[in-house]
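Engineer: I have a structure here, written as structure tokens, and I will follow up with some questions on it.
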DNA sequence: TTTTTATTGAGACGGCTTATCAATTTCAAA
DNA sequence: TTTGAAATTGATAAGCCGTCTCAATAAAAA
């Protein structure tokens, strides 16, 4: 039976091959866990995987998540004092509305904005691979 | 003669009054310096003000910039490992096109996108204070 | 299998930001 | 203007997050 994450595993292996890197048990384990999330911090993943592999080090998780960023599978986003690693392959890339008062995060998608982004990019000779859009403001509760 | 930053100084004083805080020489000095910038880090401001007041402490700068955030004059943005304090009252916000191959950065502005952002925000009950839009891709030269 | 090379885990380390605390400054009340 | 309670400051210690170091280990090539 084929893995649920065969496609992403392929992307990872291709990246590893191109850079003389190795496919390890840890990288496989972390990728599997990562792909089940929309976004996660290294610390969260550390605790989540502690049961499956109590000896998996935090440094390895950081290194691996950064590797995923280089392979185009993840994208780092700095929020508060921590780094969130977003799952890029998650269908329907979504953007964020972030309340600057209470920290609440609402995810949204907007095709019109994405179309305009493409327009801006092509006008400047760029081909978009990915993007990041964050709207900061006050949610309805905090405005009062 | 009236100060160039009378309006913002008023906002600050009102906030101080409401929270039983005091108007100090340091807060005035830091606000004046801050309002001349579009965005700045605490460290940058520390060096910038070192000449005017060699004894001004870094902790005071952090405390004061955070105070400005609470007063609505500034907004913290985590970029890389540092915190950028954005001058909210500064107009002419621009976004970025970033080449993932050569690192080239092109700035742009797009009113249509901004209008759609407002739409998304209000649909979710948010009032936007600021935003961040970054498009990552390949520039015309790197695509070949 | 042997050899080469990358990876791992554990903890040390470093940068950025906040907490601590005695001395000082502000500001309201006398 | 003087007084006194309360907030602020500056210096530095402490804390947090993420990266670096390095000997031991695992993966891939020969």
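Bear in mind these aren't lab numbers, they're just calculated from the coordinates by the rules spelled out. Because the structure is a prediction, the values reported are computed rather than measured. Note: ideal-geometry Cβ built from the backbone for every residue, glycine included; neighbour counts use all protein chains shown.
Engineer: Report, please, the projected area of the stretch A:37-102 averaged over directions, based on the convex hull of its C-alpha atoms, in nm². Working shown, then result.
Structural biologist: Values: hull surface 21.3 nm².
Computed as one quarter of the Cα hull surface, the answer is 5.3 nm².
Engineer: Give me the tail of P(r) for the stretch A:27-66 as a percent: Cα-Cα pairs with distance above 15 Å.
Structural biologist: Details: 192 of 780 pairs.
Here the long-distance tail beyond 15 Å is 25 percent of all Cα pairs in the stretch A:27-66.
Engineer: Hey, what angle do you get for helix A:111-123 against the long axis of chain A, alpha-carbon based, 0 to 90 degrees rounded to 10?
Structural biologist: Roughly 80 degrees, rounded to the nearest 10.
Engineer: On to the next question. Where both partners of a DSSP beta bridge lie in chain B, what percent of those bridges are antiparallel, to the nearest 5?
Structural biologist: Numbers: 12 of 16 bridges.
Taking every DSSP beta bridge within chain B, about 75 percent pair in antiparallel fashion.
Engineer: Let me ask something additional. Between B:52, B:104, B:13, which gets the highest mean-square fluctuation from a Gaussian network model of chain B, Cα cutoff 10 Å?
Structural biologist: Looking only at B:52, B:104, B:13, the biggest GNM fluctuation is shown by B:104.
Engineer: What translational diffusion coefficient, in µm²/s and rounded to a whole number, does the Stokes-Einstein relation yield for the stretch A:25-144 at 37 °C and a viscosity of 0.692 mPa s, taking the hydrodynamic radius as the Kirkwood radius over Cα pairs?
Structural biologist: On the way: Rh = 16.1 Å.
After rounding, the answer is 204 µm²/s.
Engineer: Relative contact order (percent) for chain B, with alpha-carbon contacts under 8 angstrom and 6 or more residues of separation? List each step's numbers first, then the result.
Structural biologist: Values: 136 pairs, mean separation 25.5, N = 144.
Rounded, it is 18 percent for chain B.
Engineer: Also, quick follow-up: Please give the FRET efficiency for residue A:127 paired with residue A:81, using the beta carbon to beta carbon distance and R0 = 41 Å, rounded to the nearest 0.05.
Structural biologist: Values: r = 34 Å, r/R0 = 0.83.
The pair residue A:127/residue A:81 has a calculated efficiency of 0.75.
Engineer: Translational D (Stokes-Einstein, µm²/s) of the stretch A:1-81 at 37 °C and 0.692 mPa s when Rh comes from the Kirkwood sum over C-alpha pairs? Display every interim value, and only then the final one.
Structural biologist: Values: Rh = 13.2 Å.
D, rounded to a whole number, is 249 µm²/s.
Engineer: Still on this structure, I have one more. Below 8 Å, C-alpha to C-alpha, sequence gap of six or more: please give me the relative contact order for the stretch B:8-64 in percent.
Structural biologist: Numbers: 24 pairs, mean separation 16.2, N = 57.
Once divided by the residue count of the stretch B:8-64, the mean separation gives 28 percent.
Engineer: Counting only other chains, and only Cβ atoms inside 10 Å, what mean value do you get across the residues of A:136-143?
Structural biologist: Details: counts 11, 12, 7, 5, 5, 1, 2, 3.
Per residue, the number of nearby Cβ atoms from other chains is 6 on average.
Engineer: OK, next. Using Cα springs under 10 Å in a Gaussian network model of chain A, which residue among A:83, A:41, A:100 shows the largest mean-square fluctuation?
Structural biologist: A:100
Engineer: Same structure again: In the stretch B:71-144, what % of DSSP beta bridges are antiparallel (nearest 5)?
Structural biologist: Values: 10 of 14 bridges.
So the antiparallel bridges amount to about 70 percent of the total.
Engineer: To the nearest 10 degrees, how steep is helix B:6-18 against the longest Cα principal axis of chain B, on a 0 to 90 scale?
Structural biologist: The answer is roughly 70 degrees.
Engineer: Throw me the Rg/Rh for the protein assembly as shown, computed over C-alpha atoms with Kirkwood Rh, two decimals.
Structural biologist: On the way: Rg = 22.0 Å, Rh = 21.6 Å.
Value, to two decimals: 1.02.
Engineer: For chain B, modelled as a GNM with alpha-carbon contacts under 10 angstrom, which of B:42, B:121, B:71 fluctuates the most?
Structural biologist: B:121
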